[in-house]
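As structure tokens, the structure follows; a few thoughts come after it.
The values are calculated or read from the model by the stated rules, or taken from the named source; none is laboratory data. Only a predicted model underlies this, so the values are computations on that prediction, with no experimental measurement involved. Reconstructed Cβ throughout: ideal geometry from the backbone, glycine too, with neighbour counts over all protein chains shown.
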Amino acid sequence: MDTTIAIRPVRLKPRLPALLEGWGPALVFLAPALVMLCLFKLWLIAEAVYTSTGTFDPGGQRIGNAGLDNFGFALSDSRFQWGLWLSLFAAVAKVPVQLALGLAAALMLRANTGGNAVVRAMVISPMFFGLPVTTFIFAYMFDANVGAVNAILSGIGLPRVAWLSTEAPAQMLVLGLSIWRDVGVTMLVFLAGLSAIPPQIANAAKLDGAGPFALFFTITLPLLARSFQFAVVLATLASFQILVPVLMLTKGGPTGATDLASFQIYETAFSYFDLGTASAMSLALLFGLIVIIALELRWLAVKWTYE
Amino acid sequence: MKRPLRFMLRLVLAALFVAPILLALAASFRDNSDMYRYAGSLSLWTFLPAEPGIDAYRRAFTLPLLQTQLFNTVLLGFVMATGTTVSSLLAGYALSRFRFRGRQALFLLMLFTLFIPVDVILPPLFFVVRDLGLIDSFWGLALPFIFSPIGVYLIRQAIEEVPRELDHAASLDGAGLWEVLRTAILPNIRGALIACWLMHFVFVWEWYLWPLTAMRSDDGQLAQVAIASLIDPLRSTDYALVFAAAILTILPAFVVFAILQRFLTSSQATTGGK
Amino acid sequence: MTRSAIPFEPSRRDVLKGLSAGLAATALGGLSPAFAQADPYAGLKGEELELLIWDGGAFVDNMMARVQERWSAVGGGALKFRKVPFGDLDRAVRSANQGGIGPDVFLANAPNVITYKKLGLIEPVTDMFTKEDLEDFFPTVRLGSEIDGEFYGPSTNENGQALYYDRQLTERYGLKLPETLADAWTWDEWLRVFTEIQAAERKRRGNEQFFALYPNMGNTGLFFSGSYPRSAGEKGSDAWKMVSDDGLKSSGCLNSPEAIKGLQLIQDIHHRHGIAPVSTQKDMFYNDQVAFFCGVPLYLAPIRKARPDIDLATAPVPYIRTPIIHTGSFAWLVNRQTAKIGDAKLFLKFMGSPQGNDVVARGWTSPPIRKSMVADRPEFQTKPMALFIDSITEWSVPRPKVPGFSELDTMWSRLEADIVSGGDVKPLADDATRRIDAQLRRYG
């Protein structure tokens, strides 16, 4: 395979002039994307900001202005603070595990053989089953009484686990489901990154007598920096989207163990119809997410190119 | 590493990812009593049906709306995938090949919206779609997601790969902007286009909360959401039926995936990820 | 449209033709007084009505098809259904009129009636029912839907509670269990039996996953589990009330020392005594994994289907200090904004009439909403199902009448799950009451 997008050599040769200068005709091409961008991203944020300043009755009707009170209320609520910590914890727990597994799978399956292609397809297949359906399946597998997992545990002499009503197992289950589903994406990112490493570099290192571990840590890993950056951002984003399993499996419990901020937002909006507070919570979480991603991008900044 | 060890490792890896689906498939062939009888202790029958039967699939096919809802999911997949790919292609082309004030800023703004996950922003999204009068409609489900930052990023980067000499040659031959796109660019970014299409096609199978909130009529609902109703909170859940319906639901995505997966796992265009 | 008695005649025959012999007598009983007097459905335009219901699968579909048959027979129009997952019913009702006018009729969890009235979502239908009608309803049917002297809609059925069990199992150990409310046992008495039977059956079956009791928690809100703290108090006490009289405060009631005892029991049956599974699988009794199943009459049909061979018996629900069970089910309500208000209100009248209610109550193997209709349901006059009627008349209370019941129920479910998972009961209850009160304050 030829070069990839993540690792792009910077072109130093002089550029040919653009096909077109100015906004006019560009607008024709940009229009579909621009309209949707304005409607469903920019207006969306504006709507969130506006809603967050309102007081709403339990039927979802705006009945007054709250100024910044909703933010004050949400951020001073111990449950929401816990939810934010938990969301951060989910990111911190999910990202490294998923990256390690994805990288291991990519290294193992990088050679283009028929067998590898089949295994690769299997690793990414959970993406294609959709989260709702896979969550049903997990609910059944991990059921305390009829689930196959507990049958296996008791079969090999281990105690049964009440997966959904014990704190640590519930967290492991929700996170595990998310990682299991997303490892394929990370693997794809690393596969693309690996295929972009010029073989000469590895060959040269081998000639210098580098062993497989030295080769990996001194050559492969540094050259995967851009893929790392991209995979980290994607995994972080995905860690903020672990709502469906929580909603369908644990409802935030037991005793708040999976009470992620995103679940609280959903409950506040659609069980209590406290839309002002829910929007304030949305914006706070969004801000947190952007700060985390900005920090990650800073730490993982890549400053080299191949040329 | 020794060959058998390598083989075993791959086998374990593959099994880890497909086991849940296989388990669901097996469960769709057994009824509740069969399932419960062997749940207490470990045996082959914990996983496989002792008295297999396809009756659950018969029941799934008689569900009055499942076929309509499945059609909705597939149709939405096609519309979303095609819409996103086309809008991303046009935007990517303009962002890569045209020069206008604020081009970089616009591209960054578009990328920035990647950081607005739908789970976090569901309530205001409901308001926006409601104010547009699109609640309970197919387009209300589809439109908010037809713009995809990942799609634009992916395709713009692919177009950047295409040597500019190609489109200048075409341009010098008198080709218009559309002609350049068709003859010089398109043939060279096929891999990226298919990856973008496939990614957004299967993305629809991820949906749960958005259709749950924005679509409240059952004949317009998506299959994966409707399956939730099969879990009966008052009486008993017919697990075989739930899994038969689930298997039927993921079948279209799986078929498309099987046909197009080689573009995902081996094409140059995969860095876009999800 | 006004209709005389004559064009009504053929449609009545159509109804009779479509009914089984057993049902015919009831239908006739329901129809003939109406037929003799003025047409009760005068003014019906035969418009198509859209109903918001929860998706109960083929079972509810079949039942609603029979409702349609009878509704058409009295001149009603087509019924269209908008189905949502059970857990989403409240959200669907509250947001029904956002983005256009929603369905004409809602099928809603009955305790939410007061919330929807507060939010101006529903229209009273008092004028659809005579004084005799209202008096014929079981008290909880009426109490649940009556607010400030207005009646908002009839329920689908009445609901008792009892413990289902297989007599062959208890006879194996020579156990003599209470069969009437007069002999009912407290939890202390039951716990001895539960512990004994569970240990003996686990040994006999060689299965450590057999349990004594499926207490039915986890997805029914406070319908079943809410009676634990309420039962711990004297009738009329704070614990028994669960919330203050104005329905706006749960602290001092739900976390009173007595209520805490009841909440602690929820935890103890799962952990200290270990006689109830933590799994929320409804199917455990159907699959012979538990000895006792705390349930409602609705479960009769699935039990008979799953275990046709057992000698089905019932026992009164255990209590701590005061015997108590929750009744009430779902209520039919009219969307206040519907353009078809006339037909929608008449549909509620129909669903509250013997011929309308009979279909649904029978469909759910549940008692009807009218006392006078019990005579046509012999299964509720003998063992084992008669106990349900007794529990309705002697022990039943509606769930707490609180504006924002749904909020209370959601937070109750969370509290219940936390207690079952083994959390420290008192602080959990304190926190839950604080949060419930914050939500209820929005209705004050």
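Numerical summary
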{"quantity": "Residue match in the stretch C:368-380 (condition: within 30 Å of C:P229 (Cα to Cα), at pLDDT 90 or above, of a type outside the set (S, T, N, Q) and in contact with a Ser or Thr (Cβ under 7 Å, 6 or more places away or on another chain))", "calculated": "yes"}
{"quantity": "Set C:F285, C:F292: member being at pLDDT 95 or above and in contact with a strand residue (DSSP E or B) (Cβ under 7 Å, 6 or more places away or on another chain)", "calculated": "C:F292"}
{"quantity": "Which numbered condition A:D182 fails, given (1) more than 8 Å from every other protein chain (Cβ to nearest Cβ); (2) crowded, with 21+ Cβ neighbours inside 10 Å", "calculated": "(1)"}
{"quantity": "C:S366 being touching a helix residue (DSSP H, G or I) at 6+ places or on another chain (Cβ under 8 Å) and either farther than 19 Å from C:W240 by Cα or more than 9 Å from chain A (Cβ to nearest Cβ) (or both)", "calculated": "yes"}
{"quantity": "Any hit, the stretch C:408-419, residues being surrounded by 17 or more Cβ atoms within 10 Å (Cβ to Cβ) and farther than 24 Å from C:P277 by Cα", "calculated": "yes"}
{"quantity": "Number of the condition not met by C:D437 [criteria: (1) within 30 Å of C:E150 (Cα to Cα); (2) surrounded by fewer than 24 Cβ atoms within 10 Å (Cβ to Cβ); (3) at pLDDT below 90; (4) within 14 Å of another protein chain (Cβ to nearest Cβ)]", "calculated": "(3)"}
{"quantity": "Residues (in contact with a Gly (Cβ under 8 Å, 6 or more places away or on another chain) and surrounded by fewer than 22 Cβ atoms within 10 Å (Cβ to Cβ)) located in the stretch B:139-149", "calculated": "B:A142"}
{"quantity": "Total residues in the stretch B:34-59, condition farther than 27 Å from C:K203 by Cα and touching a residue at least 40 places away in the same chain (Cβ under 8 Å)", "calculated": "4"}
{"quantity": "Residue match in the stretch C:268-286 (condition: touching a Pro at 6+ places or on another chain (Cβ under 9 Å) and surrounded by fewer than 21 Cβ atoms within 10 Å (Cβ to Cβ))", "calculated": "no"}
{"quantity": "Unique residue being over 12 Å from C:A315 (Cβ atoms), in a loop (DSSP other than H, G, I, E, B) and not assigned by TED's automatic domain parsing to the domain that holds C:I122 when the list is C:Q209, C:Q168, C:Q198", "calculated": "C:Q209"}
{"quantity": "Verdict on A:A231 being under 25 Å from A:L285 (Cα atoms) and more than 11 Å from every other protein chain (Cβ to nearest Cβ)", "calculated": "no"}
{"quantity": "Failed item in (1) in contact with a Cys (Cβ under 9 Å, 6 or more places away or on another chain); (2) within 19 Å of A:P254 (Cβ to Cβ), with C:I266 passing the rest", "calculated": "(1)"}
{"quantity": "Residue tally, condition under 22 Å from C:G363 (Cβ atoms) and either assigned to a loop (DSSP other than H, G, I, E, B) or of a type in the set (V, I, T) (or both), over the stretch B:213-237", "calculated": "8"}
{"quantity": "Residues being more than 11 Å from chain B (Cβ to nearest Cβ) and buried (at least 18 other Cβ atoms within 10 Å of the Cβ) - total across the stretch A:139-166", "calculated": "6"}
{"quantity": "Filter result for the condition that a residue is farther than 30 Å from B:I150 by Cα and surrounded by fewer than 19 Cβ atoms within 10 Å (Cβ to Cβ), over B:L22, B:L75", "calculated": "B:L22"}
{"quantity": "Answer residue from the stretch C:330-384, given it is β-branched (V, I, T) and assigned to a loop (DSSP other than H, G, I, E, B) and is farthest from C:G120 (Cα to Cα) among those", "calculated": "C:T382"}
{"quantity": "Residues that are of a type in the set (S, T, Y) and at the interface with chain A (Cβ under 9 Å from one of its Cβ atoms), drawn from the stretch B:83-94", "calculated": "B:S87, B:S88, B:Y93"}
{"quantity": "Index of the failed condition, A:L297 passing every other in (1) without any contact (Cβ under 8 Å) to a residue 40 or more places away in the chain; (2) away from chain C (no Cβ under 14 Å)", "calculated": "(1)"}
{"quantity": "Subset of the stretch A:49-62 [at pLDDT 90 or above and either in a strand (DSSP E or B) or closer than 22 Å to C:A96 by Cβ (or both)]", "calculated": "A:T51, A:G54, A:T55, A:F56"}
{"quantity": "Unique match (being touching a helix residue (DSSP H, G or I) at 6+ places or on another chain (Cβ under 8 Å) and modelled with pLDDT of 85 or more) among B:L198, B:L234, B:L251, B:L230", "calculated": "B:L198"}
{"quantity": "Where C:L213 falls short, out of the listed (1) surrounded by fewer than 18 Cβ atoms within 10 Å (Cβ to Cβ); (2) touching a helix residue (DSSP H, G or I) at 6+ places or on another chain (Cβ under 8 Å)", "calculated": "(1)"}
{"quantity": "Unique residue being over 30 Å from C:Q68 (Cβ atoms) and more than 14 Å from chain A (Cβ to nearest Cβ) when the list is C:V402, C:V420, C:V374, C:V397", "calculated": "C:V397"}
{"quantity": "Unmet requirement for C:D246, which otherwise passes all of (1) assigned to a helix (DSSP H, G or I); (2) modelled with pLDDT under 95", "calculated": "(1)"}
{"quantity": "Residues of the stretch B:103-134 that turn out to be polar (S, T, N, Q) and in contact (Cβ under 8 Å) with a residue 40 or more places away in the chain, as a count", "calculated": "0"}
{"quantity": "Strands (runs of 3 or more DSSP E) contained entirely in the stretch C:35-118, each with at least 2 residues that are among the basic types (K, R) and at pLDDT below 90", "calculated": "C:79-84"}
{"quantity": "Count of the stretch A:248-273 residues which are without any contact (Cβ under 8 Å) to a residue 40 or more places away in the chain and within 23 Å of C:Q267 (Cα to Cα)", "calculated": "2"}
{"quantity": "Extreme residue, nearest to the other protein chains (Cβ to nearest Cβ), among residues of the stretch C:273-327 that are touching a Lys or Arg at 6+ places or on another chain (Cβ under 6 Å) and assigned to a loop (DSSP other than H, G, I, E, B)", "calculated": "C:D311"}
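Yes or no, residue by residue, for (1) free of Cβ contacts under 8 Å to residues at least 24 places away in the same chain; (2) surrounded by fewer than 18 Cβ atoms within 10 Å (Cβ to Cβ); (3) in contact with a strand residue (DSSP E or B) (Cβ under 8 Å, 6 or more places away or on another chain):
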| residue | (1), (2), (3) |
| --- | --- |
| C:F106 | no, no, yes |
| C:T115 | no, no, no |
| C:T126 | no, yes, yes |
| C:F137 | no, no, yes |
| C:P154 | no, no, yes |
| C:K176 | yes, yes, no |
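Okay, residues lined up against (1) of a type in the set (D, E); (2) free of Cβ contacts under 8 Å to residues at least 12 places away in the same chain; (3) within 21 Å of C:T220 (Cα to Cα):
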| residue | (1), (2), (3) |
| --- | --- |
| C:S244 | no, yes, no |
| C:G252 | no, no, no |
| C:S256 | no, no, no |
| C:A259 | no, no, yes |
| C:D268 | yes, yes, yes |
| C:H271 | no, no, yes |
| C:P277 | no, no, yes |
| C:T280 | no, no, yes |
